[in-house]
1. Scan segment 202-229 for residues that are at pLDDT 95 or above, part of a loop (DSSP other than H, G, I, E, B) and of a type in the set (Asp, Glu) and report the count.
2. For the subset of segment 230-243 comprising residues that are touching a Lys or Arg at 6+ places or on another chain (Cβ under 9 Å) and of a type outside the set (S, T, N, Q), which member is farthest from Ala216 (Cα to Cα)?
3. Being charged (D, E, K, R), in a helix (DSSP H, G or I) and surrounded by 18 or more Cβ atoms within 10 Å (Cβ to Cβ), is that true of even one residue in segment 236-258?
4. Restricting to segment 103-141, what's the tally of residues that are β-branched (Val, Ile, Thr) and modelled with pLDDT under 95?
5. When you check Asp290 against the structure, is it surrounded by fewer than 22 Cβ atoms within 10 Å (Cβ to Cβ) and acidic (Asp, Glu), yes or no?
Amino acid sequence: MNRNMKQTPLSELGEFGLIRRLTENIQIKNTSTLKGVGDDAAVLSYPDKKIVVTTDLLTEGIHFNLMYVPLKHLGYKAVVVNLSDVYAMNATPRQITVSIAISSKFSLEAVDELYSGIHLACEKYGVDLIGGDTTSSLTGLTISITAIGEANEEELVYRSGAKVGDLVCVSGDLGGAYMGLQLLERENEVFKVNPNQQPQFEGYDYILERQLKPEARSDFKELMKTLGIQPTSMIDISDGLSSEVLHLCQASKVGCNIYEEKIPLDKQTKEFAEELSINPLVAALNGGEDYELLFTVPIACFEVIKKEFDITIIGHITAESEGANLITTGGSVIPLQAQGWNPLKE
């Protein structure tokens with residue numbers, strides 16, 4: 001947002017004026033949206049579909065730092081992280097609601113900037129913004145988004161379906177978002193000491209985008225359908241690979257072996273990790289916010305799945321009694337531990 005532009009206090013509009021401002025340009029894209037914003041509740045019509053609903057909360061100072069996160073990017077990301085949960089059910093998102101608690105330090109133009117990112121994500125992923133709520137805050141900005149999706153019953157994939165012998169796979173690459181965060185944090189510390197120092201981001205566009213403007217895997221469902229594969233279980237990677245593997249194993253009552261050398265890492269992720277003397281494996285296992293998909297498929301799918309350049313087989317499912325383990329390149333067996341994001345950790 002251009003800080004030289006005129007800034008309009010939100011108090012000039014009031015709550016109802018702000019709601020009108022945020023909703024006046026909404027266009028409905030889905031026939032299942034019978035009634036969007038403007039009434040006591042939205043009305044959706046799903047005669048032959050199963051509905052999935054997910055909610056995520058982002059709080060200033062906990063989930064994001066406005067010293068280096070542009071409001072437009074924040075709005076976009078807030079939508080994407082919810083849509084990722086819908087895609088992890090092998091469902092298609094159709095609607096979202098957006099609720100914000102916002103302090104008096106924000107101007108109307110700042111809220112417009114936030115919502116420009118929200119609208120951009122809605123446009124890209126073909127979802128309707130159908131309502132929400134606004135209230136005041138004494139501590140900054142909080143965003144709560146609920147995403148609603150649909151799927152045929154036979155298409156839905158849960159965390160609980162993994163079977164012994166299944167292949168464990170991931171989409172994309174891991175650890176990039178965490179290393180992007182480390183880069184932003186480093187440059188923010190430099191800025192605090194010397195505000196005139198330009199940030200050193202050159203050569204690291206990819207990991208910055210993974211952190212500031214992640215994308216959900218909207219392509220995955222169609223890809224699996226094209227390949228003739230139905231995943232047996234699935235979860236999105238928001239809290240780090242180790243945490244998600246343990247969630248999936250616990251839900252499915254199985255164990256697994258994950259192989260260190262199979263975990264996909266981007267070149268920039270590895271280079272910046274080396275620059276900071278961080279093991280890139282740690283970024284992949286514990287970093288989080290990659291919003292890729294961790295899933296299992298029957299071993300019979302091996303020949304088909306191994307040919308997909310954006311899918312990596314990283315291990316296999318074992319009996320629950322064997323536990324969830326990382327097999328290092330040296331052959332050591334290390335029990336996986338959930339060391340990713342824990343919002344209640346001291």
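The values are calculated or read from the model by the stated rules, or taken from the named source; none is laboratory data. If you're wondering where the values come from, they're calculated on a predicted model, not measured in any experiment. A quick note on method: Cβ atoms are made from the backbone with ideal geometry, for glycine too, and the neighbour counts reach across all protein chains shown.
1. Within segment 202-229, residues that are at pLDDT 95 or above, part of a loop (DSSP other than H, G, I, E, B) and of a type in the set (Asp, Glu) number 2.
2. Among residues in segment 230-243 that are touching a Lys or Arg at 6+ places or on another chain (Cβ under 9 Å) and of a type outside the set (S, T, N, Q), the one farthest from Ala216 (Cα to Cα) is Met234.
3. Of segment 236-258, the ones charged (D, E, K, R) are 236, 239, 244, 253.
Those still in the list that are in a helix (DSSP H, G or I) too: 244.
After this cut, where a residue has to be surrounded by 18 or more Cβ atoms within 10 Å (Cβ to Cβ) as well, the list is 244.
Scanning segment 236-258, I find at least one residue that is charged (D, E, K, R), in a helix (DSSP H, G or I) and surrounded by 18 or more Cβ atoms within 10 Å (Cβ to Cβ), so the answer is yes.
4. From segment 103-141, those β-branched (Val, Ile, Thr) are 111, 118, 127, 130, 134-135, 139; that's our starting set.
Keeping just the survivors that are modelled with pLDDT under 95 gives 130, 134-135, 139.
Matching residues across segment 103-141 total 4.
5. Judged against the criteria, Asp290 is not a match.
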